[in-house]
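Okay, structure first, notes after.
Read the figures in this text as sums done on the coordinates, not as results from a lab. Not measured: the values here are computed from a predicted model. Glycine also receives a Cβ, built like all others from the backbone with ideal geometry; neighbour counts cover every protein chain displayed.
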Amino acid sequence: MSFLYPVFLFALLALAIPVIIHLFNFRRYKTLYFSNVTLLKLIKKETRKKSQIKQLLILAARLLAIASLVFAFSRPYIPLNNRTQQAARQIVAIYIDNTFSMKNVNEKGQILEQAKLKAIEIANSYQAGTQYLILTSDLLPQHQFLLSKEQFYQQVTEIKESTRSPKFTEIYAQVIRSISGTTKKADKIFYYLSDFQKNSIDFETLKTDSAVWTYLLPFASDKTNNLLIDSCWFEVPGRKIGQQEKLFVRLKNLSEQAYQNIPIRLTINDSLRAISNISITGQQESVVELNYTNNSQGIQLCKVELDDYPIIYDNSYFLSYKVRGQIKALGIFNPLNNSSGYLKALFAGDELIAYDEFPENNVQIAQLKNFQCIFMINNQKISSGLKSELISFVEQGGSLVLFPNRTNNFDDYNSLLTSLNGNTVTSFDTASMHISEINYAHALYKEVFKKQEANADLPVIHGFLRFSEQIQKMETPLLKFRNGKNALSTYRFGNGNVYSSAIPIDKSNFSFIRHVVFVPTVYNMVLNSEEPQKYAYSMEIDEPVVLNQNQLPDELKLIELETKEEFKVSARNSGTGHKQLNLNDLIDGAGHYLITDGDETIQSVSYNFPRKESIPEYYTKEILQDQIDDNNLEQIQVIAASEGQFSEILQDLNNGKQLWKLFVMLAIFFLMCEMAVIGFWK
């Protein structure tokens, strides 16, 4: 047993007063004369013994009553945890989980509203002068300051659901930062009110602060059926005019209930473009294919949706992209060994690809930025100006394809490869070698061949390059020779791609040019050279938006399409030749956003709510306690938020089991005993 005010125990010295009174009895005795006092002596002895017992009982009752009052005023308590006794000043931090999962319901209603009421009840259990800190999943700047009780009430009523899903350690760290600068002579308490989804709890990495005691209040929700759209993706990269698109939609059924004939709708620019029905069993996922054609150029705002209740925030998925006109490809050829005619014939009259060419001795360098893919064909001389422009072209997202010349002088060629961080040429081998392997998993060949044969009839190459083999060069093989060396490989440089071929394109290798593998290889190099577009962003990831245009001002405008609300945003250089925007602080809802420069629309950005809040996996009170024990978190304790007499539970946790009421009752009891002895003992 401990005491809140132990100094008051000095009042026990008052017990000496009734003892002194008992020892010094000031009553006067009268002398009575009797003729025979023998009988009186006997009566006197018996009466004196009874009187002494009575006086001792009265003295004991008085002593116990006074001692009980002294103990009561000393506020005795029995500690219920390892906390040191509370200080005169208290700082109470309360986190209210306002993620989407807190919108679920139980028999008492929506659990977010229950958490808000419980937070107010916690505040009411503390004495006047207590300071409060409120936190939510948004981690707003205004939630970093201490509040009075009235200010705390006001901010609690304003809490709404949030798109963010922070980890427990992130919230805990924010609490420590916010109260670390306060006085040490304060009792610091942290309440965490949540449904405790498993994906948000990370006790194993938590480092507790010895000055802060934490209480966890879990809220349980009823089981809710939920069918959601998890993600969307296209079959092939690059969105082209007139292209037949295949959009894949992954659906997840997170309940035991089976769904039958649920329609999945695709709208583009508010026009219904595709629809499909799906049936899915409980706890399963399925992929739906939606087919349509890109009929127009420009920005395409897509929305995939289904109908499912009561959880609706994950029923829609937003994505957007820009359909451009023809992709521009350029061939830079060696006039002394001109094999560009093969590519010119391949792209002639193509609706998707516009092909042009320059001889290597007359390249219009200023126009290179207007192309998406450049083929270097049998080049013998690469000027320093052309090399510099090609490096910049790849860094900014272009694709460069290198078909070598039959020569033993590779100085210019190797200088370009070195600048592009590629493997350099060591020699030219005049031998013949079969191509034996195709990387069917790569985007160039994926979905190109109906059968992926290990022993396919592939062409023979007559003369090829040998490259230096450096482990640190991260190249992806596309075609391989029988000896295991790369016949064609690719790697990233900056924001672009470099395709390095060991095969010269000339008459000696005509068997390769006319082989079925050549056309999809070259054609898909161009199709995949278009600057990659980010179709969708998640609101939980702080990811910068890369602008597709370079010559832009530093200040642009962001428009939310649904509300038409406008924001000024700043563009900054990223070091890759592209400007970036950081929009996460401005994005507060899923949907489409347009980035504009004056009246011109630059590009679109689509945001989606995080899907992890849809996963119905929660920690119970018992499991939470097990995790606390396993991680030796002695300063964290779990409270069942549904328990009755919650205010009394809080008082006991903060102040220990209070005993002052017991001692007051004992004092009254002993006083009544004294009165009973005096009144009824004759």
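Just tell me which aspartates and glutamates come within less than 19 Å, Cα to Cα, of K322; anything on the same chain fewer than 8 places away is out. Here the aspartates and glutamates satisfying the reach criterion relative to K322 are E235, E245, D270, E351, E530, E531, E560, D597, D599, E600.
Take the Cα of T476, step 7 Å toward its Cβ, do the same at K369, and the gap between the two points is 2.8 nm.
Normalising by residue count, segment 125-186 has a Cα convex hull of 103 Å³ per residue.
Classify segment 537-608 from the C-alpha gyration tensor, please: rounded if a/c falls under 1.5, else prolate or oblate depending on whether a/b exceeds b/c. Mind showing how you got there, number by number?
Working: a/c = 2.00, a/b = 1.25, b/c = 1.59.
In terms of gyration-tensor shape, oblate.
Among complete DSSP H helices in the chain, those whose alpha-carbon atoms stretch at least 15 Å along the helix's long axis and whose mean Kyte-Doolittle hydropathy reaches 0.5 are 38-73, 168-179, 660-680. Extension gain for N631-Q283 works out to 122.1 nm (0.36 nm per residue, less the C-alpha to C-alpha distance). Taking other Cβ atoms within 10 Å as a rough exposure proxy, C232, C673 sort from fewest to most as C673, C232. Across segment 537-608, the mean sequence separation of Cα contacts (distance under 8 Å, 6 or more residues apart), normalised by length, yields a relative contact order of 37 percent.
In segment 473-553, inverting the average of 1/r over every pair of distinct C-alpha atoms gives 15.9 Å as the Kirkwood radius. Remark: the Q110-A348 segment gains 79.3 nm on full extension, using 0.36 nm per residue and subtracting the alpha carbon distance.
Applying 1/(1 + (r/R0)^6) with r as the Cβ-Cβ distance of E543 and I623 and R0 = 35 angstrom yields a FRET efficiency of 0.60. For the pair T205 and Q260, label points projected 7 Å from Cα toward Cβ lie 4.6 nm apart.
Work out the FRET efficiency for W233 and S384 from their Cβ-Cβ distance, taking R0 = 56 Å, and round it to the nearest 0.05. Could the numbers behind the result be given before it?
On the way: r = 42 Å, r/R0 = 0.75.
FRET efficiency, W233 to S384: 0.85.
Distances between placed amide hydrogens fall under 5 Å for Y191 paired with A93, I94, Y95, Y215, all partners being 5 or more residues away or on another chain. Classify segment 336-388 as rounded, prolate or oblate from the Cα gyration tensor: take a ≥ b ≥ c as the square roots of its eigenvalues, call it rounded if a/c is under 1.5, otherwise prolate when a/b beats b/c and oblate if not. It comes out oblate by the Cα gyration axes. In this structure, the residue pairs whose Cα-Cα separation is over 28 Å, taken from K328/K579; K534/K568; K116/K568; K446/K579; K207/K621, are K116/K568; K446/K579.
For the pair N421 and E170, label points projected 7 Å from Cα toward Cβ lie 3.0 nm apart. Entry note: segment 327-527 has Rg to Rh equal to 0.93, where both radii use alpha-carbon atoms and Rh is the Kirkwood radius. Remark: C-alpha extents of the chain on the principal axes read 163, 53, 53 Å, sorted largest to smallest. Residues with amide H under 5 Å of E437's amide H, sequence separation 5 or more or different chain, H placed in the peptide plane at 1.01 Å from N; which? Under 5 Å from the amide H of E437: K480.
Taking 0.36 nm per residue of separation and subtracting the Cα-Cα distance, what length does fully extending S392 through R514 add?
Values: separation 122, 0.36 × 122 = 43.92 nm, distance 3.28 nm.
Contour length minus Cα-Cα distance gives 40.6 nm.
Compute the distance from the alpha-carbon center of segment 587-609 to that of segment 159-210, in whole Å. Here the two parts' Cα centres lie 33 Å apart. With no solvent and one equal point scatterer placed on each C-alpha of segment 428-570, evaluate the Debye formula and give log10 I(q)/I(0) for q = 0.09, 0.14, 0.20 Å⁻¹, two decimals. Ignoring solvent entirely, the Cα scatterers give -0.44, -0.78, -1.30. Here the average projected area of the convex hull drawn through the C-alpha atoms of segment 227-324 stands at 5.8 nm². Taking the average, over residues, of other Cβ atoms within 10 Å as the packing measure, peptides 383-390, 249-256 rank 249-256, 383-390 from highest down.
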